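Rule-based calculations on the coordinates, nothing more; no lab input. Given the structure is predicted, the values throughout are model-derived calculations rather than measurements. So basically every Cβ, Gly included, is an ideal-geometry build from the backbone, and we count neighbours across all protein chains shown.
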Amino acid sequence: MEPILEAKKLNLWYGPNHALHDVSIAIPEHEITAFIGPSGCGKSTFLRTLNRMNDLIPSVKITGEVDFHGQDLYGSSVDPTWLRKQIGMVFQKANPFPMSIYDNVAYGPRTHGIRNRVKLDEIVENSLRSAAIWDEVKDRLKKSALGLSGGQQQRLCIARALAVEPEVLLMDESTSALDPISTSKIEDLAAELKSQYTVVMVTHNMQQAARISDNTAFFLLGELVEFGKTEQLFSTPADKRTEDYITGRFG
């Protein structure tokens with residue numbers, strides 16, 4: 001099967017700091033792929049190359065390529081705004097806009113030119129349902145999103161990302177600031193979403209990767225050490241460094 005995203009010999013520098021070294025990986029469609037590794041190993045940096053979020057940092061230099069459906073994301077003809085509609089992102093800290101719950105979800109579709117109220121109502125409801133939060137907020141859509149709990153805010157941010165109908169959802173440690181119950185809801189949600197979307201997540205929590213991902217990539221010091229089916233990587237890792245990390249010998 002053709003991968004939806006594929007990095008080929010990707011290198012990235014922040015100024016003089018060489019942060020990613022020759023990363024090559026093919027990410028399958030409609031599966032959950034997790035990136036694990038110690039802090040500062042490059043996993044979030046790599047995740048951000050997948051929708052060009054690193055473009056926003058002035059000193060970044062990138063070589064190699066990242067293909068989305070076979071087209072190089074960094075090609076001159078690719079519009080980053082279009083790209084971020086296709087490849088949505090949810091960050092570590094929930095970042096709802098200081099506006100109503102409804103307007104948070106309608107923000108993206110309005111930006112892309114949807115003004116029809118009936119259509120917006122439908123998108124908002126469908127997105128909130130997809131993010132498993134509709135029943136909790138349907139009676140307070142006009143109230144500020146900042147009044148929601150941390151776990152609800154994070155699911156609202158997922159709904160906001162889904163509202164523009166992306167193909168891929170990137171999740172950068174999006175449960176690390178949440179309590180176990182909220183974390184569990186978002187894990188269940190990710191498992192449901194993969195039937196419609198491709199989910200790529202960075203996690204510090206190896207148990208989380210083992211529980212919900214189909215594929216796992218282990219990063220160390222800016223290098224992709226190993227990538228494979230999650231079950232296999234955790235039970236019989238091919239590289240000694242992977243084994244040392246998952247058995248807790250370092251990291």
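Under a GNM of the chain (C-alpha, springs under 10 Å), which listed residue has the highest mean-square fluctuation: THR81, THR183, THR49?
THR81
Residue-wise, which Karplus ³J(HN,Hα) couplings in Hz belong to segment 220-232, taking 6.51 cos²θ - 1.76 cosθ + 1.60, θ = phi - 60°, and x for glycine or proline?
Per residue, the Karplus-derived 3J(HN,Hα) values read 8, 6, x, 10, 7, 7, 7, 9, x, 4, 4, 4, 5 Hz.
Can you give me the C-alpha center-to-center distance between segment 1-23 and segment 137-178, rounded to a whole angstrom?
Centre-to-centre distance over Cα atoms comes out at 29 Å.
What ranking of ARG140, ARG241, ARG155 emerges when the number of other C-beta atoms within 10 Å of each C-beta is taken as an exposure proxy, fewest first?
Details: ARG140 14, ARG241 18, ARG155 28.
Lowest count first: ARG140, ARG241, ARG155.
HN-Hα J couplings of segment 173-182 from phi, Karplus 6.51/-1.76/1.60, θ = phi - 60°, integer Hz, Gly and Pro as x?
For segment 173-182, the Karplus curve yields 6, 6, 10, 5, 9, 9, 6, x, 5, 5 Hz.
I want to check the label-to-label distance for GLU29 and LYS240. Put each point 7 Å from Cα in the C-beta direction and report it in nm to one decimal.
Computed distance between label sites GLU29 and LYS240 equals 4.1 nm.
Quick one: which of LYS43/LYS93; LYS93/LYS142; LYS61/LYS240; LYS8/LYS240; LYS85/LYS119; LYS43/LYS119 span more than 27 angstrom between C-alpha atoms?
Details: LYS43/LYS93 17 Å; LYS93/LYS142 23 Å; LYS61/LYS240 31 Å; LYS8/LYS240 24 Å; LYS85/LYS119 18 Å; LYS43/LYS119 37 Å.
The answer is LYS61/LYS240; LYS43/LYS119.
Can you give the helix-only mean residue ellipticity at 222 nm for the chain, where every DSSP H stretch with n ≥ 4 adds -39500 (n - 2.57) and the sum goes over all residues, rounded to the nearest 500 deg cm²/dmol? Could you put the intermediate results ahead of the total?
On the way: 10 runs with 90 residues, N = 251.
Calculated at 222 nm, the ellipticity per residue is -10000 deg cm²/dmol.
Provide MET1, MET171 in ascending order of the number of other Cβ atoms located within 10 Å of each residue's Cβ, fewest first. Intermediate results must be reported in sequence, preceding the final value.
Working: MET1 8, MET171 26.
In increasing order of surrounding Cβ atoms, one gets MET1, MET171.
Return the equivalent ellipsoid semi-axes of segment 1-50 as a descending list in whole Å, where each equals the square root of 5 times an eigenvalue of the C-alpha gyration tensor. Please list the in-between numbers first.
On the way: eigenvalues 93, 34, 11 Å².
For segment 1-50, the ellipsoid semi-axes come out as 22, 13, 8 Å.
Loop-only chymotrypsin sites (Phe, Trp or Tyr not before Pro) in segment 153-251, please: DSSP not H, G, I, E or B, and at most 10 other Cβ atoms within 10 Å.
On the way: sites: TYR197, PHE218, PHE219, PHE227, PHE234, TYR245, PHE250; in loops: TYR197, PHE250.
Within segment 153-251, the qualifying chymotrypsin sites (Phe, Trp or Tyr not before Pro) (loop, at most 10 other Cβ atoms within 10 Å) are PHE250.
Rounded to whole Hz and in sequence order, give me ³J(HN,Hα) for segment 39-55 from the Karplus expression 6.51 cos²θ - 1.76 cosθ + 1.60, θ = phi - 60°, writing x for Gly and Pro.
Here the 3J(HN,Hα) series is 4, x, 8, x, 5, 6, 4, 5, 3, 6, 6, 6, 9, 6, 5, 5, 4 Hz.
Quick check on the exposure proxy: order ARG48, ARG117 from fewest to most C-beta atoms within 10 angstrom.
Details: ARG48 20, ARG117 9.
Ordered from fewest to most neighbouring Cβ atoms within 10 Å, ARG48, ARG117 come out as ARG117, ARG48.
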